[in-house]
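Written below as structure tokens is the structure these notes are about.
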């Protein structure tokens, strides 16, 4: 199992047991979101990055760098055209 998958599993288990909350891990701000999205995209977890973006965009204002990260991630896995339409929604 890849390290990123294991980390997500552990964090989810800890969250379910109320051992941690998102605010104990990182602040909800654009810079933190961008670091997380960039890491996920570089590891080719682009779909997970998209899901996190869709969840956080209601709380954190994305910036141009946020969209560049996601576009670069989709380009790397060659699925950009499919997601351009979805991003406009």
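The values are calculated or read from the model by the stated rules, or taken from the named source; none is laboratory data. Note that the coordinates shown come from a computational prediction; the quantities given were computed from them, not determined experimentally. Glycine gets a Cβ as well: all are built from the backbone with ideal geometry, and neighbour counts include every protein chain shown.
Points to keep in mind about this one:
- Unmet requirement for residue 61, which otherwise passes all of (1) surrounded by 12 or more Cβ atoms within 10 Å (Cβ to Cβ); (2) modelled with pLDDT of 90 or more: (1)
- Residue-level analysis places residue 84 among those that are loosely packed, with under 13 Cβ neighbours inside 10 Å, modelled with pLDDT under 85 and over 19 Å from residue 3 (Cα atoms).
- Here is the figure for the stretch 51-65: residues that are touching a residue at least 12 places away in the same chain (Cβ under 8 Å) and not in a loop (DSSP other than H, G, I, E, B) total 4.
- Qualifying positions in the stretch 1-41 - assigned to a helix (DSSP H, G or I), modelled with pLDDT under 70 and under 21 Å from residue 59 (Cβ atoms): 22, 23, 24, 25
- Of everything listed in (1) surrounded by 14 or more Cβ atoms within 10 Å (Cβ to Cβ); (2) assigned to a loop (DSSP other than H, G, I, E, B); (3) modelled with pLDDT of 90 or more, the single unmet condition for residue 44 is (3).
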